[in-house]
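See structure below.
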Amino acid sequence: MTDHLPAAALVDLAEVLLVAAGMATDKATVTAELLVEADLLGHTTHGLQLLRPYLAALDAGTMQGEGAPTTLNDTGATQVWAGHRLPGLWLTALAVEAASARAAAQGMGAIAVRESHHIGCLAVFLERATDRGQLVLLSSSDPSTASVAPHGGRTPVMTPNPMAIGIPTDGDPILADISTSITTNGMSGRLAAEGRRFDHPWLIDGAGHRSDDPQVLQADPPGAILPVGGLDHGHKGFALGLWVEALTQALAGFGRADRPTEWGASVFAMVLDPQAFAGREAFVRQTAWLRDACLAAAPAKGSSGVRMPGERGLERKRRALAEGLQLYPGMLDGLRAEAMLRGVAWSAALGD
C-alpha cells in the first residue's frame with residue numbers, strides 16, 4: 001500500500017461512496033473535492049476523516065442527499081437560506097459563490113444559512129473568492145451541540161465556532177482559519193479515541209479544574225473546551241465566539257433558542273470586492289506591503305521566523321498534488337471498509 005496517494009483518486013473514491021449512499025452526483029462531486037482539499041491543506045480532522053460520519057448520516061436520513069436550499073429573505077445584497085439538512089460542504093460552496101456574484105455586481109454580498117448539515121473546514125472555501133481578487137469572510141457554528149465554556153464558567157454553552165478570512169495579495173492569498181476556542185471537537189475526539197492527551201491544559205473539567213485530558217468532555221458532569229486565551233485571557237475568545245454565533249445563528253433566525261438536536265451548522269458567508277472601495281490595485285498594494293513587512297520581521301528567539309496564515313497549507317497542497325497525499329494513519333483502512341460495505345470498486349491507484 002502506497003504512502004503517497006493521488007488526490008484525484010481519493011476524490012473519485014469519496015464521490016462514488018457518497019453517490020452509493022444516496023447523495024446526488026453534483027453534491028457528491030463538490031463534497032468529495034472539498035474533503036480532499038482539507039487534507040491537502042493539512043486539516044486532517046476535517047478532511048476525509050469526516051467521510052464515514054457523512055455516509056452514516058446519509059444512511060440515517062439526517063443528511064439529505066438531494067434537493068435545494070430555500071430562500072427565506074432576499075434584499076439583493078443579502079440572503080437567508082434554509083438548508084434543509086443538505087450537504088454542508090456543497091451548501092457553503094454555493095453560498096460563497098452566491099456572495100461572490102453579488103459582490104462583483106454591487107460591491108458586497110452576504111448569505112446566512114440555517115439548518116445546514118456539517119460544513120467541514122472553512123479554509124477550503126476561501127480561494128473561491130480570493131482567486132477572483134475578492135475578500136471573503138466565513139464563519140460557522142452548530143446550535144445543536146455545546147462543548148466550549150464561556151469565560152468565567154465551566155458549563156459548555158457554545159461550539160468552537162470557527163471564523164476564516166481570505167485576503168488577496170499580489171501572490172498567494174492570506175488564508176486564516178481559526179477556532180474561537182483553543183482546540184476543536186475534531187481534535188478532542190481524535191485524541192480521546194487514541195488514548196492521548198493535549199500538550200497543554202486546554203480544557204476545564206466538570207469541577208472547574210484545568211485539564212489536558214479530552215475524556216473530561218464525556219464525563220458526568222461534562223467538562224468543556226476553553227475559549228482562545230484560556231483561563232487567563234479567555235474573555236477574548238469568548239467574545240469572538242459570541243460574534244460568530246450572532247453572525248451565523250442570529251442573522252439566519254435559527255439557533256440555540258430553537259433547541260435543535262441534529263448535528264449540523266449555521267453559516268455566514270460575506271464577500272467584499274475591493275474594486276467597489278478604493279480599487280483592487282490599491283487593496284493589493286496594502287496587503288502585499290503588510291505581508292512583506294511581516295515576513296521581514298526579525299525572528300523571535302527560538303523561532304525560524306514569521307509565516308503568513310495559510311502559507312504552510314498552500315505549500316503542503318502544492319507538494320501533495322505533485323508527489324501524492326499522505327493520509328492520517330488508519331484513514332485508508334476506513335475508506336476501504338466503506339468501499340467493501342457498499343460494493344464500490346477499489347482503485348488500483350490507492351494500492352492493494
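Contact list please: Cβ distance under 9 Å, first residue in the range 185-197 and over 18 Å from residue 146 (Cα atoms) and free of Cβ contacts under 8 Å to residues at least 24 places away in the same chain, second residue of a type in the set (A, V, I, L, M) and crowded, with 16+ Cβ neighbours inside 10 Å, pairs at least six apart or on different chains.
From the range 185-197, the pairs are 197/191.
Output the helices (runs of 4 or more DSSP H) that fall wholly within the range 244-352 and possess 2 or more residues being under 30 Å from residue 19 (Cα atoms), or say none.
On the way: elements: 280-296, 311-323, 331-342.
Because the criterion is at least 2 residues that are under 30 Å from residue 19 (Cα atoms), the helices (runs of 4 or more DSSP H) in the range 244-352 that meet it are 311-323, 331-342.
Hey, can you tell me all the residues within the range 176-195 that are surrounded by fewer than 24 Cβ atoms within 10 Å (Cβ to Cβ) and assigned to a strand (DSSP E or B)?
176, 177, 178
Please work out if residue 112 is touching a residue at least 24 places away in the same chain (Cβ under 8 Å), over 22 Å from residue 277 (Cβ atoms) and part of a strand (DSSP E or B). Step through it out loud before you land on a result.
Details: touching a residue at least 24 places away in the same chain (Cβ under 8 Å): yes; over 22 Å from residue 277 (Cβ atoms): yes; part of a strand (DSSP E or B): yes.
Yes; evaluated as a whole, the condition is true for this residue.
Can you tell me how many residues in the range 130-172 are assigned to a strand (DSSP E or B) and either more than 22 Å from residue 309 (Cβ to Cβ) or among the β-branched types (Val, Ile, Thr) (or both)?
Number satisfying all stated conditions: 5.
From 302, 351, grab the single residue that is assigned by TED's automatic domain parsing to the domain that holds residue 175 and more than 28 Å from the chain's Cα centre (by Cα).
302
The values are calculated or read from the model by the stated rules, or taken from the named source; none is laboratory data. Treat the numbers as computed from the prediction; the structure is a model and nothing was measured. All Cβ positions, glycine included, derive from the backbone under ideal geometry; neighbour counts span all protein chains shown.
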